[in-house]
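Below you'll find the structure, written out as structure tokens, and then a few comments.
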């Protein structure tokens with residue numbers, strides 16, 4: 001299911017057709033799901049604008065648009081836990097992206113867990129289920 | 001990683017704390033990623049409001065909010081390709097959901113493919129990579 005032979009060689013021109021084909025929302029964004037190629041865990045849901053998708057494919061590392069900080073954000077730029085791109089997929093409505101990545105360090109969440117989706121619904125409550133793999137204070141020289 | 005022993009026994013009260021803990025956006029929605037428990041494929045990205053999340057846990061089947069039709073939408077209500085809930089997860093920011101499901105019929109996409117994420121970036125183009133498993137004309141008595 002995961003293609004390892006995808007050539008990550010984006011068009012030089014950021015006005016390219018493949019960027020135009022994405023159905024950016026009224027804020028110029030689309031949600032981007034990120035999944036680990038090896039464990040198949042869904043790691044994160046983040047947002048991309050045109051520039052961040054182009055930067056992702058140019059650099060080979062997942063680069064999102066931080067809505068709270070209103071700037072490009074290369075995931076792992078503080079923690080070192082970069083996400084190396086294996087594949088980028090677009091859904092049938094062209095309004096959501098799926099990144100298949102190699103999660104450097106095996107930890108995507110700022111809490112030190114593999115996945116940000118660690119709260120599980122159980123009988124009317126959200127229960128934390130997944131182990132902390134890395135002490136967050138060891139992950140960040142600066143807060144990411 | 002996937003818990004099969006989760007008790008799907010939602011609180012009777014839709015004003016429950018667990019619903020209040022979700023960080024609904026300004027439209028009262030959150031994105032909901034759906035992943036197959038067996039193949040681990042990411043199937044869909046859809047949206048939920050408070051009512052659809054409560055209905056999902058009450059019924060045991062994925063129920064989204066259709067933004068285009070402005071109504072609750074039980075996935076598979078036309079095609080029969082329901083999504084039986086195994087687990088519902090919330091991310092660390094409380095603003096995105098992950099549903100782990102049994103995809104009835106093995107097909108989540110209206111095109112007859114397993115996943116809606118069938119367009120793969122390849123050298124400046126989006127290329128269709130995944131096979132059509134079911135003829136869409138056979139899937140729908142009515143258009144879903």
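Laboratory data are not the source of any read-out in this text; all were calculated from the coordinates shown. Nothing here was measured: the structure is a model prediction, and the numbers come from that model. Cβ: placed from backbone, ideal geometry, glycine included. Neighbour counts: every protein chain shown.
Averaged over peptide B:91-100, the number of partner chain Cβ atoms lying within 10 Å of each residue's Cβ comes to 6. Antiparallel beta bridges, as assigned by DSSP with both residues in segment B:10-105, represent about 80 percent of the total such bridges. Here residue A:70 yields copy-to-copy label distances, from shortest upward, of 3.0 nm, the label point defined as 7 Å from Cα along Cα to C-beta. As a proxy for reagent exposure, ranking B:85, B:104, B:33 by other Cβ atoms within 10 Å from fewest up yields B:104, B:85, B:33.
Ascending distances from the residue B:125 label point to its copies in the other chains, with the point 7 Å along the Cα-to-beta-carbon line: 5.4 nm. Label-to-label distances for residue A:38 across copies, nearest first, come out at 2.7 nm, using points 7 Å from Cα in the beta-carbon direction. When the Cα centres of segment A:81-144 and segment B:81-144 are compared, how far apart do they sit, in Å? Between the Cα centres of segment A:81-144 and segment B:81-144 lies a distance of 21 Å. Peptide B:26-37 is shielded by partner chain Cβ atoms: per residue, an average of 2 of them sit within 10 Å of its Cβ.
Per residue, the convex hull spanned by the Cα atoms of the protein assembly as shown amounts to 128 cubic angstrom.
Comparing A:130, A:95, A:17 in a Gaussian network model of chain A, where Cα atoms under 10 Å apart are tied by springs, the biggest mean-square fluctuation is seen for A:17. Chain B versus the axis that turns it onto chain A: the residue with the nearest Cβ and the distance in whole Å amount to B:40, 2.
Here the simple spin-label model places points 7 Å from the Cα toward Cβ, and for residue B:74 and residue A:17 these points are separated by 4.3 nm. Size descriptors for segment A:10-105, from the alpha-carbon set: Rg then Dmax equal 12.5, 35 Å.
Comparing A:128, A:34, A:111 in a Gaussian network model of chain A, where Cα atoms under 10 Å apart are tied by springs, the biggest mean-square fluctuation is seen for A:128.
Sorting A:107, A:132 by the number of Cβ atoms found within 10 Å of their own Cβ, with the fewest placed first, yields A:132, A:107. Partner shielding of B:125-131 amounts to 3, given as the average count of beta-carbon atoms from other chains within 10 Å of each residue beta-carbon. Annotation: the residues B:74, A:41, sorted from fewest to most other C-beta atoms within 10 Å of their own C-beta, follow the order B:74, A:41.
What residue among B:28, B:76, B:106 shows peak mean-square fluctuation when chain B is described by a Gaussian network model with Cα springs under 10 Å? Ranking B:28, B:76, B:106 by mean-square fluctuation puts B:28 first.
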